[in-house]
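Engineer: Sharing a structure with you now.
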Amino acid sequence: CRGTGRAAGEIRGAEGDEVIDMQQDACGMNVVVVAPDGTVREEAATQGERLLDVAQRAGQPLEGTCGGDLACATCHVIVEAADFDLLPPPGEEEEDMLDLVPGARRTSRLACQVQIDAALGKLTVRLP
């Protein structure tokens, strides 16, 4: 599976936030990434891949400074409320890191801790 890089249309959050919209395909899930300027990229993701890796490959501004060791929160994302309960719950260490994030919401997650699961069907994540 490889990203197509093709445009998929403009998707914006209520506050103009970037949106990553994941849709299922035969290889896992397609990740549609909307940049701040409205540019849209579609990127393929494979089962078990981290959301952080998918977003970085698509050129999104998620640092992931600690490499997924739960020592920072530079990959903070906000999961759409309707999709949040479809994900496995965050662990205690992830919740502790999110407590330090300014502007964190009830549906905040660290992208390094979100694994791609094609069974989700669709998942929408906002970059704050």
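Engineer: In region 27-83, which residue that is basic (Lys, Arg) and at pLDDT 75 or above is nearest to GLU94 (Cα to Cα)?
Structural biologist: Applying the filter and picking the extreme gives ARG50.
Engineer: Considering every residue within region 78-86, establish whether at least one is buried (at least 19 other Cβ atoms within 10 Å of the Cβ) and of a type in the set (Val, Ile, Thr).
Structural biologist: Yes, region 78-86 contains a residue that is buried (at least 19 other Cβ atoms within 10 Å of the Cβ) and of a type in the set (Val, Ile, Thr).
Quick grid of which residues meet (1) open to solvent by 60 Å² or more (accessible area, probe 1.4 Å); (2) assigned to a loop (DSSP other than H, G, I, E, B):
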position	(1), (2)
GLU43	no, no
ALA55	no, no
LEU62	no, yes
GLY67	no, yes
LEU70	no, yes
THR74	no, yes
GLU93	yes, no
ALA104	no, yes
CYS112	no, no
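Engineer: Then there's this: Got at least one residue in region 117-127 being hydroxyl-bearing (Ser, Thr, Tyr) and in contact (Cβ under 8 Å) with a residue 12 or more places away in the chain?
Structural biologist: yes
Engineer: Looking only at region 114-128, count every residue that is in a loop (DSSP other than H, G, I, E, B), over 17 Å from ASP53 (Cβ atoms) and open to solvent by 40 Å² or more (accessible area, probe 1.4 Å) and tell me the total.
Structural biologist: 1
The values are calculated or read from the model by the stated rules, or taken from the named source; none is laboratory data. Bear in mind that the values here come from a model prediction, so they are computed numbers and not experimental data. Cβ atoms come from the backbone with ideal geometry, glycine included; neighbour counts cover every protein chain shown. The area values use the complete protein model at the heavy-atom level, side chains included, leaving out ligands, DNA and RNA. Shrake-Rupley method; radii C 1.70, N 1.55, O 1.52, S 1.80 Å.
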